[in-house]
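One structure below.
The values are calculated or read from the model by the stated rules, or taken from the named source; none is laboratory data. Fair warning: this is a prediction, and the values are worked out from it, not measured in the lab. Neighbour counts are summed over all protein chains in view; Cβ atoms, including those assigned to glycine, are modelled from backbone coordinates with ideal geometry. Ligands, DNA and RNA are excluded from the accessible area calculation, which covers all protein heavy atoms including side chains. Shrake-Rupley method; radii C 1.70, N 1.55, O 1.52, S 1.80 Å.
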Amino acid sequence: MEKVIDIEDRIPTLKKRRKKRTNRKFIVLILLFFIVLAVLLYFQSPYSNIKKITVHGAKLANDEYYLETSTLVPGKSMWGFKVEDVEQILLKDKWVKEAHVKRNWLQGVTIEIKEWKKVAYLAGDGTYYPLLENGKRFEQTGNDTPIDAPVFIGITGEKTINKLVEQLAQLKPEVLALISQVNTNSNDANPNAVKLYMNDGYEVRAVIQTLAEKLDYYPSIVAQIANLEKGVIDLEVGSYYRPFNEEYNKISIDLEANADGEMVNQEVTEDEQQEE
């Protein structure tokens, strides 16, 4: 026979359960209240404002320029701007390749800038304009002679400049660093001919279309003639070397590749060149 529990005995247990549920709900409500209150107080307090803005990667333009462009300032609300909007503002500058903005914890903002690489300078009117690998010109000028990239002298025409910049951007960094100056060497037969003055004392003659392809072998070519006096390395058609003091006599050394792919020297006189 089942035991019958009187309703009066069950009431205290039900009351306890109801009281526990009520207490839990009350505690949850209190916690939510304080959380909302804390959030409201945070947004109304100076702790929700930007305290420090850090810029990384600035080389062409300085940190102050990017800070001003971003429109972010200390004291502005940390949550009063969209990261994507600030990044788009920074990307409007043609020398900026990438821009990333992120919030750091509660009061810091970091701006990461990646600029297009500088590959040359264009000389004009006593000033030097940095030329970037994307073909654009950085408008900031300087009166000091640049030493961190080659200088274009006498190179005119936007298309010609862009083609030359494109070729230089393809060079190995160590080869690009060896170029001091690029002059026009154009003539009726070859309007795209250029003359390069190297930091190690050699002069290179080439054409724009094949400049990157041939100049990347410059270190190995110089290694072949290291024991000879300085001179002209002609890469326009083949690969020829002429010492400076013999340049006008047109006595040259033909640099040819052997079966192993190594460059070998073969002296060629003016008469032989004419016979060819």
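Brief remarks follow.
- Under 14 Å from a label point set 7 Å out along the Cα-to-Cβ vector of Leu228, the amide N atoms of the range 184-216 belong to 202-205.
- Peptides 213-220, 225-232 ranked from most to least packed by the mean count of surrounding Cβ atoms within 10 Å: 213-220, 225-232.
- Residue order for Lys20, Lys159 - accessible surface, 1.4 angstrom probe, largest first: Lys159, Lys20
- Summing charges over all other residues whose Cβ lies under 12 Å from the Cβ of Trp95, with Lys and Arg as +1 and Asp and Glu as -1, gives +4.
- Charge-dipole axis of the range 92-200 as Lys and Arg at +1 and Asp and Glu at -1 on Cβ define it, positive-most pick from Val119, Ser180, Ile147: Val119
- A Förster distance of 51 Å, applied to the separation of the beta-carbon atoms of Lys20 and Tyr47, puts the FRET efficiency at 0.85.
- Potential lengthening of the chain between Ser220 and Leu91 amounts to 42.4 nm, from the contour at 0.36 nm per residue minus the alpha-carbon distance.
- Solvent-accessible surface (1.4 angstrom probe) belonging to His56, in square angstrom, nearest 10: 80 Å²
- Within-15-Å neighbourhood charge of Val119 [Cβ basis; K, R +1; D, E -1]: +3
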